Amino acid sequence: MTPQTNQQTGRKSSEQADQNELNDIGTQKPIDGTQKPIDAADLPSFLYYHLYRAQNRIAQDFSDAVGPDEVTPCQFNALCHIRTHPGLSQTQLSGAIGREKSTVTPIIDRLERRGLVSREASPSDRRTYALYLSDLGETTYRRMVETAADHDQNMQERLSPTDLATLVDLLQRVCAE
């Protein structure tokens, strides 16, 4: 993933800054600037930390698999939901992908700028927009879904079928409300 900067400010996008932070997890930079692995004893053993690292590792592997010019895992998730439920609102999408509506808007903005998604006035509520995949969005989705499936299979192969079933069950319990 190549860093992208805002043309006006010269600053890295928040998405790129987040990725850089993720890449630095697991290393520390002493005063002399060299990097060395962080001793696991230095970190708390909170559940969220392990989930966070696992999610970021999978997201990075996904980004590596699809290439730097494709969409992010979160954007792919949004494309999948929009494709499956054409005309859904941003509020419905935020619930489906488990993100706050305020964070879904920039995701849709990026997809719309790339010509992958369109927003149209909702026929049932003038205050909301209905989301649809464009022809380019459909083409991108079809191209990416095979790569995403291969990536998912590679992730699953790291676990035995029993461990995979246990992991999915545990994650579903963690996510249950």
Exercise for the section: For segment 56-89, enumerate the residues that are outside any helix (DSSP H, G or I), surrounded by fewer than 16 Cβ atoms within 10 Å (Cβ to Cβ) and in contact (Cβ under 8 Å) with a residue 60 or more places away in the chain. Expected result: PRO68
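Give segment 128-177 a look and list any residue that's among the β-branched types (Val, Ile, Thr) and assigned to a helix (DSSP H, G or I), or say none. Break it down stepwise before answering.
Kept after step one, since they are among the β-branched types (Val, Ile, Thr), are these residues of segment 128-177: 128, 139-140, 145, 147, 162, 166, 168, 174.
Hits for segment 128-177 are THR139, THR140, VAL145, THR147, THR162, THR166, VAL168, VAL174.
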Practice task
Please verify whether segment 160-177 includes one or more residues that are touching a helix residue (DSSP H, G or I) at 6+ places or on another chain (Cβ under 7 Å) and without any contact (Cβ under 8 Å) to a residue 12 or more places away in the chain.
Solution key: yes
Problem - Filter result (touching a strand residue (DSSP E or B) at 6+ places or on another chain (Cβ under 7 Å) and in contact (Cβ under 8 Å) with a residue 24 or more places away in the chain) within segment 90-115 - result: GLN90, LEU93, ILE108, LEU111
Practice task
Taking the residues in segment 117-155 that are among the polar types (S, T, N, Q) and surrounded by 14 or more Cβ atoms within 10 Å (Cβ to Cβ) as candidates, determine which candidate is farthest from the chain's Cα centre (by Cα).
Solution key: SER122
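Specify the residue that is nearest to ALA96 (Cα to Cα); the eligible residues are those in segment 60-81 that are aliphatic (A, V, I, L, M) and at pLDDT 90 or above.
Just the residues of segment 60-81 that are aliphatic (A, V, I, L, M), to begin with: 65-66, 71, 78-79.
Applying the additional criterion that residues be at pLDDT 90 or above yields 78-79.
Details: ALA78: 9, LEU79: 12 Å.
Once the filter is applied, the top-ranked residue is ALA78.
Would you point out which residue out of ALA165, ALA130, ALA176 is in contact with an Asp or Glu (Cβ under 9 Å, 6 or more places away or on another chain), over 17 Å from VAL71 (Cα atoms) and not acidic (Asp, Glu)? Walk me through how you get there before you give the answer.
Values: ALA165 fails: in contact with an Asp or Glu (Cβ under 9 Å, 6 or more places away or on another chain); ALA176 fails: in contact with an Asp or Glu (Cβ under 9 Å, 6 or more places away or on another chain).
From the options ALA165, ALA130, ALA176, the qualifying one is ALA130.
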Practice task
Inspect segment 161-171 for any residue being among the aliphatic types (A, V, I, L, M) and either modelled with pLDDT under 90 or surrounded by fewer than 11 Cβ atoms within 10 Å (Cβ to Cβ) (or both) and give the result as yes or no.
Solution key: yes
Completion exercise
Of (1) in a helix (DSSP H, G or I); (2) of a type in the set (D, E, K, R); (3) over 23 Å from ALA65 (Cα atoms), ARG119 fails just (1)
Exercise for the section: Run THR105 past the list (1) at pLDDT 95 or above; (2) among the hydroxyl-bearing types (Ser, Thr, Tyr); (3) assigned to a helix (DSSP H, G or I) and report the number of the one that doesn't hold. Expected result: (1)
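The values are calculated or read from the model by the stated rules, or taken from the named source; none is laboratory data. Worth saying up front: this structure is predicted, and the values here are computed from it rather than measured. When we count neighbours, we look across all protein chains shown, and the Cβ atoms used for this are built from the backbone with ideal geometry, even at glycine.
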